[in-house]
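These notes are about the structure you will find just below.
Bear in mind these aren't lab numbers, they're just calculated from the coordinates by the rules spelled out. Values in this document were obtained by computation on a predicted structure and should not be read as measured data. All Cβ positions, even for glycine, are placed from backbone atoms using ideal geometry, and neighbour counts span all protein chains on display.
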Amino acid sequence: MLPVLRDGDLLRATWASIDSVGKGDIIALERSGGRAYIVHRVTRIADGGNGTRLVLTSGDNSGPDPPRLMEGPVLVVRNVLRRGLWRSLRNSFPLRLLYLCRRVSVLHRVYRHLLRLTPYYALERLFLE
């Protein structure tokens, strides 16, 4: 899930209805053994019939996963602990801007320069308020 999530990041997740999950949300999926979770982004969601949803997920640096029929609650990742501060993944302006700037190198260089000059939390507050 680089660049948004890194190995060793501490995540805060909450249980949510599958109906409230949308494209772009990051969810934790239980592995087949049941002892560990895979964290991937929802890329597509459709009605699966009988109260189920067909969910397509993908890691940010990997290809798409096979579709899954899901029902009931799912774990939605809300925050990540980075540099001692909990940062929101859902409404995080710097993370979304980094995703867009990766495609335009000039803007990416400007954004990286801004990050060096301004603390992360102050930059986020500046653009979100």
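Computing FRET efficiency as 1/(1 + (r/R0)^6) for N50 and L10, where r is the C-beta to C-beta distance and R0 is 41 Å, gives about 0.65. Projected label points at S58 and E71, each 7 Å from Cα along the beta carbon direction, are separated by 2.9 nanometres.
Taking R0 as 22 Å, what's the FRET efficiency between R82 and A28 from their Cβ-Cβ distance, rounded to 0.05? Each step should come with its number before you reach the end.
Working: r = 18 Å, r/R0 = 0.80.
For R0 = 22 Å, the calculated efficiency reads 0.80.
The smallest convex shape that holds all Cα atoms of segment 24-67, its convex hull, gives 85 Å³ per residue.
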